[in-house]
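Visitor: Before I ask anything, let me first share the structure, which is written out below as structure tokens.
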Amino acid sequence: MGLLPLATVGYATARAHHRPSPAFWVAAVAGAALVVGFTAAQSGGTPTTGDLYLFCGVVIRAAAYGEGARLTRELPGWQVNAWALLLSLPRAVVGVLWLVVGASIVGLALWHRGLALACITRASQLQLAQPLLTLLWSVLLRGENPPASTLGLVLGVPFCIADTQRARD
């Protein structure tokens with residue numbers, strides 16, 4: 001996020017034809033370099049996939065700031081914000097509908113049906129696999145390196161799940 005001010009200036013330069021002085025650019029780049037350097041030092045210095053997502057967010061936010069400022073020259077600021085919210089409403093509605101229909105209604109309906117068909121006590125223990133799957137996806141998709149302390153979890157939980165499935169009620 002330390003790049004956001006610099007990205008906003010870059011966008012304003014390209015889109016709104018602002019022409020900051022060389023002294024401004026030196027100071028702006030130095031400020032961004034200080035913040036980014038500090039952040040990199042604190043995080044170990046190796047960029048991650050999350051950093052790429054943040055960078056994309058910075059680019060989008062800089063464009064939004066630049067366009068918002070440009071449009072505010074023609075409309076009051078509250079109207080610019082209201083139009084931005086109104087135009088983003090369809091995406092928000094789709095997101096909420098997905099949560100309601102996809103995750104809640106369909107997902108829970110299938111889970112409840114599965115619990116009803118199977119032995120509730122045994123089927124409920126399958127949820128112990130969720131942290132393991134989260135860990136697996138974090139390794140496969142994000143390249144994360146889990147600490148060695150997770151080894152007990154990775155080895156122990158599947159055995160516990162298997163034992164609950166074999167145990168008599």
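Throughout, read-outs are computed from the coordinates displayed, never taken from laboratory work. As the structure is a prediction and not an experimental result, all values here were calculated from the model.
Visitor: Given N residues in region 69-109, what is Rg(Cα) / (2.2 N^0.38 Å)?
Guide: On the way: Rg = 16.2 Å, N = 41, 2.2 N^0.38 = 9.0 Å.
In units of the globular-protein estimate, region 69-109 measures up at 1.80.
Visitor: Once you order the gyration tensor axes a ≥ b ≥ c over the Cα atoms, which shape class does region 105-160 get: rounded for a/c under 1.5, otherwise prolate or oblate by comparing a/b with b/c? Working shown, then result.
Guide: Details: a/c = 5.09, a/b = 1.75, b/c = 2.91.
Judged from the Cα gyration tensor, region 105-160 comes out oblate (a/c at least 1.5, b/c at or above a/b).
Visitor: I need the per residue convex hull volume for the chain, using only the alpha carbons, in cubic angstrom as a whole number. If you can, show how the numbers build up before the last one.
Guide: Values: hull volume 26.5 nm³, N = 169.
In the chain, the Cα convex hull volume per residue is 157 Å³.
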